[in-house]
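Everything below concerns the one structure shown next.
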Amino acid sequence: MSENTTHTQNCVVIGASHAGVNFAFVLRREGWQGSITLIDIDPTLPYHRPPLSKAYLTSEDGIEKNLLKSEESYKKENVELRLGVWVDAIDRKNKTVNLADGSTLPYDKLVLATGARPIMPPIPGLNTAQNLFPLRSAADVANIRNTVVANKALKVVIIGGGYIGLETAASLKKLDADVTVLERESRILARVTAPEMSAFFQKLHADNDVAVLTEKNVISIENNQNKNTVVCSDGTSYEADMIIVGVGIHVNKELAEKAGLTIENGIRVNERAQTNDASIYAIGDCTFHHNLHYNRYIRLESVQNAVDQAKIAAAAIAGKECCYNAIPWFWSDQYDVKLQMVGLFEGYNQVVVREEVDKKNCFSVWYFKGDTLLSVDAVNNAKAYVYGTKFIKGGEKIDKEKLSDPKAEFKPTNLIAQ
């Protein structure tokens, strides 16, 4: 290891979700001989987060079935877990992390994997509403599920029609809840996908008896005898035994900001996941990083980004040549639909839709800027996802006429323009 790592050096990681946990284990594999301390405010053993709004919400399994690593794994790799611990400050001059209990931890390398937290909008009545939950932690999901299971025909209002809100709606419908989704914009998923995809998911939820209502700006929540009424600016109102808020996230950047690290739509890092302090790295949802393929800085909320940046930071600390260069990918599960997304669609000026006529709910949406393929949304279509990833990485020019023709053979050699 070329950065003069010794057995006495300390690496402290703040945040024990996908980014932080993966980093700790990869760093050990890279040959780090010093201590690794993993800190998180959540007292629960670190767990997978994507299933929270999907399978875990409808499952009777405990969180122990969704752990990122077993407790024994941390002991085996000599990774110290400090859970249920709040970090007050980072002292860059003395290279210590100050904890809320007054103790300090010295570090030679510090990794920020602080993630994000749910936005709780300043809606009058929000703080006094009954059975109101965000959906970010295992405790949130346990509270939601217990409330639904204990009450038949529960009326649930979900504020926010993004992927988390829609996935939660689908999961709660499986638990026989009466679900209404309220979206402020003129269409659901407006910030992340094209109108064609928005229309598909709007119909999908309607077909499953979930009311997804757009242009619904919530202005207040009234509570009377333990019954909530969600009031919108257009004068409509909706009764709710339970309210779930899914309107977005705040990046947990306060620690970094207070420590004087560069903040720009998150914690700004270079291609090695390094901040403006050479001893401090940042990974995962909290980072604002450069994407080589799209040649711009971005912030991503995805497991892929968390895991890939964790590997880069570990390699960098181990003194290896490395550069973050990944094509983003995401997924969403709703009812019997699996949506796989690859690439970033921002800046597109043409959409090509390909239907697979012999399969139900099987199609893909391809986003182009001129002749350049930016991204692909694949619905129940793993082949389109795989091909899209290949074409984006290779910068291939696609024959759009063949792509849009459901009778044209769907394989790379036929789709690449001659």
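The values are calculated or read from the model by the stated rules, or taken from the named source; none is laboratory data. For clarity, every value in this text was computed on a predicted model and none was experimentally measured. Because the Cβ atoms are built from the backbone with ideal geometry, glycine has one as well, and the counts that use them run over all protein chains shown. To get the accessible areas, we keep the full protein, side chains included, count just its heavy atoms, and leave off ligands, DNA and RNA. Shrake-Rupley method; radii C 1.70, N 1.55, O 1.52, S 1.80 Å.
Assorted remarks:
- Of the residues making up the stretch 241-248, at least one is under 28 Å from Asn361 (Cβ atoms) and of a type in the set (Val, Ile, Thr).
- Screening the stretch 276-323 for residues that are among the hydrophobic types (A, V, I, L, M, F, W, C), free of Cβ contacts under 8 Å to residues at least 40 places away in the same chain and under 28 Å from Gln9 (Cα atoms) and picking the one that is most open to solvent (accessible area, probe 1.4 Å) gives Ala278.
- Among residues of the stretch 373-418, those that are basic (Lys, Arg) and assigned to a loop (DSSP other than H, G, I, E, B), counted: 3
- The stretch 262-275 - residue that is free of Cβ contacts under 8 Å to residues at least 40 places away in the same chain and not β-branched (Val, Ile, Thr) and, of those, surrounded by the fewest Cβ atoms within 10 Å (Cβ to Cβ): Glu264
- Of everything listed in (1) in a loop (DSSP other than H, G, I, E, B); (2) at pLDDT 95 or above; (3) of a type outside the set (Val, Ile, Thr), the single unmet condition for Met341 is (1).
- Of everything in the stretch 155-175 that is under 26 Å from Asn217 (Cα atoms) and out of contact with any Leu (no Cβ under 8 Å at 6 or more places or on another chain), the residue that is surrounded by the fewest Cβ atoms within 10 Å (Cβ to Cβ) is Lys155.
- Filtered residues of the stretch 376-393 (kept if open to solvent by less than 50 Å² (accessible area, probe 1.4 Å) and within 23 Å of the chain's Cα centre (by Cα)): Val376, Asp377, Ala378, Val379, Asn381, Ala384, Tyr385, Gly388, Thr389, Ile392
- Test: residue in the stretch 9-16 that is under 21 Å from Gln309 (Cβ atoms) and surrounded by fewer than 16 Cβ atoms within 10 Å (Cβ to Cβ): no
- All helices (runs of 4 or more DSSP H) inside the stretch 58-177 with 3 or more residues being within 24 Å of Val192 (Cα to Cα): 163-174
- Reported count of residues in the stretch 130-146, each being among the hydroxyl-bearing types (Ser, Thr, Tyr) and open to solvent by less than 20 Å² (accessible area, probe 1.4 Å), is 0.
- Residue match in the stretch 178-186 (condition: out of contact with any strand residue (DSSP E or B) (no Cβ under 9 Å at 6 or more places or on another chain), under 17 Å from Tyr335 (Cα atoms) and assigned to a loop (DSSP other than H, G, I, E, B)): no
- Test: residue in the stretch 178-195 that is more than 24 Å from the chain's Cα centre (by Cα) and surrounded by fewer than 22 Cβ atoms within 10 Å (Cβ to Cβ): yes
- Ala326 being open to solvent by less than 50 Å² (accessible area, probe 1.4 Å), in a loop (DSSP other than H, G, I, E, B), hydrophobic (A, V, I, L, M, F, W, C) and without any contact (Cβ under 8 Å) to a residue 40 or more places away in the chain: yes
- Condition met for Glu396 (open to solvent by 40 Å² or more (accessible area, probe 1.4 Å) and either among the charged types (D, E, K, R) or without any contact (Cβ under 8 Å) to a residue 12 or more places away in the chain (or both)): yes
- Scan of the stretch 226-269 for residues that are over 14 Å from Ala116 (Cα atoms), touching a helix residue (DSSP H, G or I) at 6+ places or on another chain (Cβ under 9 Å) and in a loop (DSSP other than H, G, I, E, B), ordered by number: Asp241, Leu261, Thr262, Val269
- Flag for Gly246 being among the small types (Gly, Ala, Ser), under 24 Å from Asn127 (Cβ atoms) and surrounded by 18 or more Cβ atoms within 10 Å (Cβ to Cβ): yes
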